[in-house]
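S.K.: Can you keep this structure in mind? I'll have questions shortly.
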Number of protein chains: 2
Amino acid sequence: MLSKRAKYAIKTILYLYENKEQTPVSAKTISENERIPYKFLENILRELKTHQVVKSLRGAVGGYSLAKDPNEITVSHLMRIIDGPIALIPCVSERFYESCGECTDEETCRIRKLFGELRTEMLPVLDKTIVELARL
Amino acid sequence: MLSKRAKYAIKTILYLYENKEQTPVSAKTISENERIPYKFLENILRELKTHQVVKSLRGAVGGYSLAKDPNEITVSHLMRIIDGPIALIPCVSERFYESCGECTDEETCRIRKLFGELRTEMLPVLDKTIVELARL
DNA sequence: CCAAAACCCTATAAAAATTATAGGGTAATT
DNA sequence: AATTACCCTATAATTTTTATAGGGTTTTGG
């Protein structure tokens, strides 16, 4: 399951993309429009900022805006920042690899093979950019 | 992420399939060979029995065996029994549909479209049968 | 200058899901 | 009749997810 955090993150980035004229957008505005608990959103935004997906401006007319070309922000990227691996089991994750510590031989583990294949099928869909997502 | 329960279930069914000569196989045997906590396994087995994936025999030489043709048991079926929906968001699940309660219009929700597409790509992989899984 | 708006940060609480165990009951075989 | 092994409900332990608390800092605009 996609966590709410990740879903909120995707919504937030989509919102910033579609309201990029009035930059920056305050967390309060996003919170109200996307119905995301304010303090929870702040937390997500900080994580997105750390990973340089958004940038922020402090002060009275401050807020957030995209830190990079929306053609270079993918849904998979957001999911990895917020939730971690895309893969359904850690032993087939490329960026968050972890041994499952159960099978004796990872090379021949059939569950691993199946979920490796699954990951391969999932990626092209999730590698869609925010611009592509907005056009759906 | 795939839950341990679901992973154990897949392992269990694979084990039963590959040891179908010596039917039935006791929970204890499966527990030891697949390193699954005994009482946890019993619980999983009961759920699989309720859904008629395995059948059981009581008494001194009792145990479990497949209740149907392994060509008709898919990984997706096991996952749905144990974990519920395959889809990463409930509003695109066919068998476990639930409104996400967030978007104003489900028909135009782009996150929903993306994850509907994702589900479509995932299914063919997970619809593999135990026989196919064993051959990987 | 100063008050208001809005970002910044750490900690913690509340809730839910996952994982596992306890403790006994029932059926069948040897 | 003793042993083996399935059957069932409840609950405990752990982890993850979701959210809130409570304050601090920066900047703008009157």
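Any read-out appearing in this document is the output of simple, stated calculations on the displayed coordinates, not a laboratory observation. Fair warning: this is a prediction, and the values are worked out from it, not measured in the lab. Reconstructed Cβ throughout: ideal geometry from the backbone, glycine too, with neighbour counts over all protein chains shown.
S.K.: From the label point of B:Leu123, set 7 Å from Cα along Cα→Cβ, how far away are the matching label points in the other copies, in nm, ordered shortest to longest?
M.R.: For B:Leu123, the other copies' label points sit at 2.4 nm, shortest first.
S.K.: Which value, in debye to the nearest 20, describes the size of the charge dipole of the protein assembly as shown about its Cα centre when Lys and Arg Cβ atoms bear +1, Asp and Glu Cβ atoms bear -1, and nothing else is charged?
M.R.: That gives a dipole near 700 debye.
S.K.: List the trypsin sites (Lys or Arg not before Pro) within region A:57-136 that DSSP assigns to loop and that have no more than 13 neighbouring Cβ atoms inside 10 Å.
M.R.: For trypsin sites (Lys or Arg not before Pro) across region A:57-136 that sit outside H, G, I, E and B with at most 13 neighbouring Cβ atoms in 10 Å, the list reads A:Arg58, A:Lys68, A:Arg95.
S.K.: Given axes a ≥ b ≥ c from the Cα gyration tensor, I'd like to know whether the protein assembly as shown is rounded (a/c under 1.5), prolate (a/b larger than b/c) or oblate.
M.R.: Prolate shape, in that a/c is at least 1.5 and a/b is the bigger ratio.
S.K.: Using helices alone, what [θ] at 222 nm do you get for chain A, with -39,500 (n - 2.57) per DSSP H run of 4 or more residues, divided over all residues and rounded to the nearest 500?
M.R.: Rounded to the nearest 500, the figure is -15000 deg cm²/dmol.
S.K.: Quick one: dipole size for region B:4-136, taken about the Cα centre, charges +1 on Lys/Arg Cβ and -1 on Asp/Glu Cβ, in debye to the nearest 20.
M.R.: So the dipole magnitude of region B:4-136 works out to roughly 640 debye.
S.K.: What is the Cα centroid distance between region B:40-114 and region A:1-64, reported in whole angstrom?
M.R.: When both Cα centres are located, 35 Å separates them.
S.K.: Moving on. To the nearest whole number, what is the average tally of beta carbon atoms from other chains within 10 Å of the beta carbons of peptide B:107-119?
M.R.: 4
S.K.: List, shortest first and in nm to one decimal, how far the label point of A:Arg95 (7 Å from Cα along Cα→Cβ) is from its counterparts in the other copies.
M.R.: Output for A:Arg95: 3.1 nm, nearest copy listed first.
S.K.: Report the residue of chain A with the smallest Cβ-to-axis distance, using the rotation axis that brings A onto B, in whole Å.
M.R.: A:Glu121, 2
S.K.: Counting pairs of alpha carbon atoms under 8 Å apart in space and at least six apart in sequence, what relative contact order in percent does chain A give?
M.R.: 25
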